[in-house]
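Written below as structure tokens is the structure these notes are about.
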Amino acid sequence: MLFSTSKHVDNPLPYYFKVSFHSALSVLNVNLITMSVLRPFKASDLFRFNNINLDVWTETYGITFYLTYLQRWSDLCFTQESPRGRLQGYILGKAEGAQTEWHGHITAVSVAPEYRRLSLARNMCQRLEFASDEIYKGYFVDLYVRCNNALAIKMYEGMGYSVYRRVREYYGNLGVGKDGRDEEDAFDMRKCLSRDVAQRSIRCNGRDMIVSAHDVS
């Protein structure tokens, strides 16, 4: 028999079976990435991305908001699509700022729950970073994340982002009546691009730098 079903056996799966099984899972994860397609986000995708947006951490907007991004910054908006045509994730970005503050901004990046832990968010962010660097010649890429979203913060830090400042009540009513709670505050996280040779876009004490939402709106 391949494995025993006896109730006296604490671990019925033999070692070689477990190793093969976990190896197969690793290969499957790689294949899910390599077979999926990272392509430009299209207007028609707005009717197909509800499986991604049904998430407590994903900010959603009106259709005019998305169409504005697709019209103005189409080369900073991408979606990851499975081999069967199901949307796995998307990223929306824009270019903004002036002089040394000219940069790419990640407005939204989200992956459907069933496709997480496959490095899809990393792949999409890398594509946006490349476009921000090569096409827009920005000094850095930045994004905002809730201060209590520990998993996302750790993921972005693993991708080379660091906290530049804490924005009070960024997700609240622009600094009115929210008492600076973690769920309303945001970290502004940044990653230098090749144009910022001196790396002046980042700082080591960013968590201690606190500004109002009025200062970044």
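The values are calculated or read from the model by the stated rules, or taken from the named source; none is laboratory data. For clarity, every value in this text was computed on a predicted model and none was experimentally measured. Neighbour counts are summed over all protein chains in view; Cβ atoms, including those assigned to glycine, are modelled from backbone coordinates with ideal geometry.
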> Do we find that D185 is buried (at least 16 other Cβ atoms within 10 Å of the Cβ) and either at pLDDT 95 or above or among the β-branched types (V, I, T) (or both) in this structure?
Replying inline: no
>> Only one of V216, V145, V163, V141 is of a type in the set (A, V, I, L, M, F, W, C) and at pLDDT below 90. Can you tell me which?
In response: V216
> Before we move on, is E101 charged (D, E, K, R), out of contact with any Gly (no Cβ under 6 Å at 6 or more places or on another chain), without any contact (Cβ under 8 Å) to a residue 12 or more places away in the chain and closer than 25 Å to E134 by Cβ?
Replying inline: no
>> Exactly one of these conditions fails for K94: (1) at pLDDT below 95; (2) closer than 28 Å to A150 by Cα; (3) of a type in the set (K, R). Give me its number.
In response: (1)
>> For the condition more than 30 Å from D215 (Cβ to Cβ), in contact with a strand residue (DSSP E or B) (Cβ under 9 Å, 6 or more places away or on another chain), among the small types (G, A, S) and modelled with pLDDT of 70 or more, what is the one hit in S74, S44, S36?
In response: S36
>> Given the condition at pLDDT 95 or above and buried (at least 18 other Cβ atoms within 10 Å of the Cβ), answer yes or no: does some residue in segment 171-178 qualify?
In response: no
> In this structure, is A152 among the small types (G, A, S), within 12 Å of the chain's Cα centre (by Cα) and closer than 11 Å to F187 by Cβ?
Replying inline: yes
> Considering only segment 148-167, how many residues are over 22 Å from H103 (Cα atoms) and buried (at least 16 other Cβ atoms within 10 Å of the Cβ)?
Replying inline: 1
> Restricting attention to segment 77-89, does a residue exist that is in a strand (DSSP E or B), in contact with a Leu (Cβ under 8 Å, 6 or more places away or on another chain), among the hydrophobic types (A, V, I, L, M, F, W, C) and more than 17 Å from L151 (Cβ to Cβ)?
Replying inline: yes
> What is the one condition in (1) farther than 25 Å from S201 by Cα; (2) acidic (D, E); (3) in a helix (DSSP H, G or I) that D55 does not satisfy?
Replying inline: (3)
> What do you reckon, is Y61 part of a loop (DSSP other than H, G, I, E, B), at pLDDT 95 or above and either more than 22 Å from G206 (Cβ to Cβ) or of a type in the set (A, V, I, L, M, F, W, C) (or both)?
Replying inline: no
>> Quick check on segment 112-126. Is at least one of its residues more than 25 Å from L54 (Cβ to Cβ) and either polar (S, T, N, Q) or more than 12 Å from the chain's Cα centre (by Cα) (or both)?
In response: yes
>> I'd like to check something: does segment 104-116 contain any residue that is touching a residue at least 40 places away in the same chain (Cβ under 8 Å), of a type outside the set (G, A, S) and buried (at least 19 other Cβ atoms within 10 Å of the Cβ)?
In response: yes
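Take F17 and decide whether it is loosely packed, with under 15 Cβ neighbours inside 10 Å, modelled with pLDDT of 90 or more, more than 22 Å from D142 (Cβ to Cβ) and among the hydrophobic types (A, V, I, L, M, F, W, C).
Working: loosely packed, with under 15 Cβ neighbours inside 10 Å: yes; modelled with pLDDT of 90 or more: no; more than 22 Å from D142 (Cβ to Cβ): yes; among the hydrophobic types (A, V, I, L, M, F, W, C): yes.
When the stated conditions are applied, F17 does not pass them.
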